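Participant: Before I ask anything, here is the structure I am working with.
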Amino acid sequence: MIALPRRNDPCPCGSGRKYKQCHLAEDEARRDRRAGAERLGTLGAELTSAIWRFAHDRFGQEWADAAVELFFEPEEAIQLLVPYSVHHVSIAGRTAAEWYRNDREADLSADERACLDAERDAWLSLWQVVEARPGDGLVLRDRLSGQVRDVIERTASRTLKEGQSVLARLCELGSFTSINGLYPFALAEREAAEVERRTRGHLRRKRDVPIERLRETRTERYLIRRFDEEIACLREGPTLYNNDGDPILFTTDHFDVDADDRAEVARRLAALPRTMGPEPADDEGSDEFIFLGRSEVVLGQALLGGRRLQVAANSVERADRLRRQIERACKGMLRHRAREHTDPLSGRAFEEGEGTLGDMESPEARALAGAVKRQHYADWLDTPVPALGHETPRAAVTTEQGRARVAALLADFEEAERSLAPEERVDFDVLRRELGLSG
């Protein structure tokens, strides 16, 4: 534990003044506030556990059913499920907390009564992390009401990051604010913005939502469902689609080519319908081909160099189609060696096939895969996207709401590529400029 400065020591802030004349009063007030908030949090947690046991003993399975029906995966949401159901779910006309208080009013201390009042008035909302102080606390902004709260919270402050959004109950007693009920998963901006958008639509409210409306049971349950849906979608994993409706999975087929057949393979590739090339590739001695589909959409690209042919597309379906065409056109001249996939959201690569890639994972092959990926994102601008209500990004940015959703999507794509080497990343600023989102 770090020793606190003494009253007459120099203030750690570096002002040159004595601690008692500088930050002592502020630090003491903060310590008092922390102690008060932690007392409230501890007492609230103890009361919540006692009420849960009381309700289970009194109402049995009826209580359990009412409590767990709110969430898709109740066991994963237990940190929120228990306090929310205790203080907000009615059974036989009252909440469990009200039944408990009615039954034991005479035995409750003044602090317990005040804590129960505060728990009754707590509100559930979608809170964005404005500031995280690991091991100390969080500054949270209610995305719906606009309220901002500084919360003393040791555990969550170590894992949450600025910009993430959580579903949480905030409980206030005097000047103390604590969290009693937190969904244990956070949403990134794109998913959180979608929950906010749908909730505001449900409430028919574009401006700040009054806290009284957030306390309404219908609002609380709607918000829980929308948040839970987004978490369920994240568990399944997001999916990108090309304009054929195929899931995006960057796919590269690797072929061996006999040296004596190279010139004939190049001629037959060039003769395929709607093919551009051969054009000299960046790698000296290699030729590049581009395969077009409807409306001049690029289906894939090929790089023929030495005794290797690599064919890349942005989906398995397109890769299969090109492979069939190429193997039929170049029958007897090619041997399929391996197929490689790269997930566009995680950057994770894996391969399939009888052989291994070995030295085929060359700079040229990586450059080809990068070219296909860049082409995909260029096409994406005019591709209907489910996350945008099946609008194209170019159409979506014509509205304020659409601009925010497209910007959030691009931020997610960019974040997913941070694990890649810099030369393998897509420059999403190019797309932002194309869409008028830069600056």
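The values are calculated or read from the model by the stated rules, or taken from the named source; none is laboratory data. Source: prediction; values computed, not measured. Every residue, glycine as well, gets a Cβ built from its backbone with ideal geometry; the counts of neighbours run over all protein chains shown.
Participant: Would a scan of the stretch 354-361 turn up a residue that is exposed (fewer than 13 other Cβ atoms within 10 Å of the Cβ), charged (D, E, K, R) and at pLDDT below 80?
Facilitator: Checking the stretch 354-361: at least one residue is exposed (fewer than 13 other Cβ atoms within 10 Å of the Cβ), charged (D, E, K, R) and at pLDDT below 80.
Participant: Has the stretch 188-210 got at least one residue that is touching an Asp or Glu at 6+ places or on another chain (Cβ under 8 Å), over 22 Å from D121 (Cα atoms), surrounded by 13 or more Cβ atoms within 10 Å (Cβ to Cβ) and without any contact (Cβ under 8 Å) to a residue 60 or more places away in the chain?
Facilitator: Yes, some residue in the stretch 188-210 is touching an Asp or Glu at 6+ places or on another chain (Cβ under 8 Å), over 22 Å from D121 (Cα atoms), surrounded by 13 or more Cβ atoms within 10 Å (Cβ to Cβ) and without any contact (Cβ under 8 Å) to a residue 60 or more places away in the chain.
Participant: Would you check if R394 is surrounded by fewer than 21 Cβ atoms within 10 Å (Cβ to Cβ), within 30 Å of S438 (Cα to Cα), touching a Leu at 6+ places or on another chain (Cβ under 6 Å) and modelled with pLDDT of 75 or more?
Facilitator: Judged against the criteria, R394 is a match.
Participant: Answer with yes or no whether D117 is of a type in the set (D, E) and over 32 Å from the mean Cα position of the chain (by Cα).
Facilitator: On the way: of a type in the set (D, E): yes; over 32 Å from the mean Cα position of the chain (by Cα): yes.
So D117 fits the description; yes.
Participant: Follow-up question, since we're still on this one. Looking at (1) in contact with a Phe, Trp or Tyr (Cβ under 7 Å, 6 or more places away or on another chain); (2) under 27 Å from E414 (Cβ atoms), which is the only condition R197 fails?
Facilitator: Exception for R197: condition (1).
Participant: Would you call A266 assigned to a helix (DSSP H, G or I) and either on the phi < 0 side of the Ramachandran plot or not assigned by TED's automatic domain parsing to the domain that holds L322 (or both)? Even if it seems obvious, please write down each step before you answer.
Facilitator: Numbers: assigned to a helix (DSSP H, G or I): yes; either on the phi < 0 side of the Ramachandran plot or not assigned by TED's automatic domain parsing to the domain that holds L322 (or both): yes.
Answer is yes for this residue.
Participant: So, V430, is that one modelled with pLDDT of 75 or more, assigned to a helix (DSSP H, G or I) and among the aliphatic types (A, V, I, L, M) or not?
Facilitator: For V430, the condition - modelled with pLDDT of 75 or more, assigned to a helix (DSSP H, G or I) and among the aliphatic types (A, V, I, L, M) - is met.
Participant: Quick one: count up the residues across the stretch 310-327 that are without any contact (Cβ under 8 Å) to a residue 60 or more places away in the chain and more than 20 Å from D287 (Cα to Cα).
Facilitator: Qualifying residue count, the stretch 310-327: 3.
Participant: Kindly indicate the residue of the stretch 273-288 that is in a strand (DSSP E or B) and not aliphatic (A, V, I, L, M) and also modelled with the lowest pLDDT among those meeting that condition.
Facilitator: P280
Participant: With respect to W123, is the statement that it is in the same structural domain as R221 (by TED's automatic domain parsing), touching a residue at least 60 places away in the same chain (Cβ under 8 Å) and of a type in the set (A, V, I, L, M, F, W, C) true? Break it down into steps so the answer makes sense when it comes.
Facilitator: On the way: in the same structural domain as R221 (by TED's automatic domain parsing): yes; touching a residue at least 60 places away in the same chain (Cβ under 8 Å): yes; of a type in the set (A, V, I, L, M, F, W, C): yes.
Considered against the rule, which asks whether it is in the same structural domain as R221 (by TED's automatic domain parsing), touching a residue at least 60 places away in the same chain (Cβ under 8 Å) and of a type in the set (A, V, I, L, M, F, W, C), W123 comes out as yes.
Participant: What tally of residues in the stretch 86-112 results from selecting those that are assigned to a helix (DSSP H, G or I) and in contact (Cβ under 8 Å) with a residue 24 or more places away in the chain?
Facilitator: Count: 10.
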